[in-house]
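One structure is given here, and the rest of the page talks about it.
The values are calculated or read from the model by the stated rules, or taken from the named source; none is laboratory data. Since we're looking at a predicted model, the values are computed, not measured. Because the Cβ atoms are built from the backbone with ideal geometry, glycine has one as well, and the counts that use them run over all protein chains shown. The area values use the complete protein model at the heavy-atom level, side chains included, leaving out ligands, DNA and RNA. Shrake-Rupley method; radii C 1.70, N 1.55, O 1.52, S 1.80 Å.
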Amino acid sequence: MSVIYVNGKFLPSEEAMISVFDHGFLYGDGVFEGIRAYSGRIFKLEEHMDRLYDSAKAIWMDIPLSKQEMMEVCAGSCRRNGIVDGYIRLVVSRGVGDLGLDPRKCDRGPTIVCIAATVEAFPEELYEKGLKVITAATRRTYGEVLAPQVKTCNYLPNIMAKIEAITAGMFEAICMSREGYVSEGSGDNVFIVKDGVIKTPHPAAGILKGVTRQTIIDLARSGNYVVEETFLNRYDLYTADEIFLTGTGAEIIPVIEIDSRIIGDGTPGPVSREMRKEYLELVRREGYQF
Ligand code: PXG
């Protein structure tokens, strides 16, 4: 049986509950992080903390714990659940309020939940075979509505894109920005390789700045690849030599088909495989020990 952190206490999972008046439930008013542990270390924990606190700030929410305390909540969740390799879901919602929108009514402060479990973003065999994806009709949210940099509990657009993928018999959907540039998948960032150059959508194209995305940019640059953060469109996807997706859950997963166009020779390309290998080596070397 797992134990789950809820507002300062570690509770058995069946006792870990939040109120029906929590604005996270009523309105999706909250922020979250998905973090991963490998070999007893939490990978890029500080980067996830920075993004969580920035997300909270952007939605006018104060998190009552320091980043260091929050890091210990994550570490404690792993320790108490005997996790060595696992997934940590940290959710900070506006808290318990009334049925109105006014966040000031949530005057007991945010609800903080931390769940440590295991994850499988995509079936294991697809990491070897590669993924078939579509581009989605659902657009990525844009800054004037809901800044894509904020990892909010409002994931309905992402889920709508995922439904498009599922109903098309695919595993993932890639969304365009309002302007029609490639932004990202429902829960992952996008990279392409063209003529030896690695390219990924510029943050201004409206993306969540993925921790894995930055890790890959750093790994690739230190391996002497040229990495461009730029603006890509569907044509660039269709004519890429390689495509791969990155995310904490997804890690690095090659794409071999998009909108019925075969990418490369229809098998995972060399750069995608190299980046995946380097990433999986790095996650076992670095991290916040627990
Ligand atoms: N874009 C979006 C929209 C995301 O939700 C990423 C990119 C990748 O970011 P990181 O920092 O993880 O490299 C995410 C990641 C899942 C899952 O089950 C993934 C995410 C959120 C919820 C679930 O795969 N987000």
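Residue by residue, segment 71-79 carries 3J(HN,Hα) couplings of 5, 6, 4, 5, 5, x, 5, 5, 4 Hz when phi is fed to the Karplus relation 6.51 cos²θ - 1.76 cosθ + 1.60 (θ = phi - 60°); x denotes Gly or Pro. If R0 is 35 Å, the Cβ-Cβ spacing of ARG178 and ASP218 corresponds to a FRET efficiency of close to 0.75. Surface listing: PHE21, PHE10, PHE32 arranged by accessible area from highest to lowest gives PHE21, PHE10, PHE32, probe 1.4 Å.
Once the C-beta distance of ALA147 and GLU125 is scaled by a Förster radius of 30 Å, the resulting FRET efficiency is 0.25 to the nearest 0.05.
With the Cα gyration tensor of the chain giving a ≥ b ≥ c as the square roots of its eigenvalues, does the rule (a/c under 1.5 for rounded; else a/b larger than b/c for prolate; else oblate) give rounded, prolate or oblate?
On the way: a/c = 1.96, a/b = 1.47, b/c = 1.34.
Since a/c reaches 1.5 and a/b is larger than b/c, the shape of the chain is classed as prolate.
Surface analysis of the chain yields an accessible area of 47 Å² per residue, using protein heavy atoms and a 1.4 Å probe.
Taking the mean number of other Cβ atoms within 10 Å as a proxy for protection, how do you rank 163-169, 245-251, 114-120 from highest to lowest?
Result, highest mean Cβ count within 10 Å first: 245-251, 114-120, 163-169.
In whole Å, how far is the Cα centre of segment 215-290 from that of segment 1-45? After rounding, the separation between the Cα centres reads 29 Å.
Computed in the context of the full set of protein chains, the accessible area of the chain at 1.4 Å probe radius has 53% of its extent on carbon or sulfur. For segment 3-117, the mean projected area of the C-alpha convex hull, equal to one quarter of the hull surface, is 6.5 nm². Note on segment 56-157: Cα-only Rg and Dmax are 17.7, 50 Å. Take every Cα pair under 8 Å whose residues are at least 6 apart in sequence, average their separation, divide by the length of the chain, and the relative contact order is 19 percent. Considering only DSSP beta bridges where both residues belong to segment 125-283, give the percentage that are antiparallel (nearest 5). Around 65 percent antiparallel, to the nearest 5. Pairs of lysine residues in segment 3-117 that meet both criteria, 8 or more places apart or on different chains and Cα atoms under 19 Å apart, total 4.
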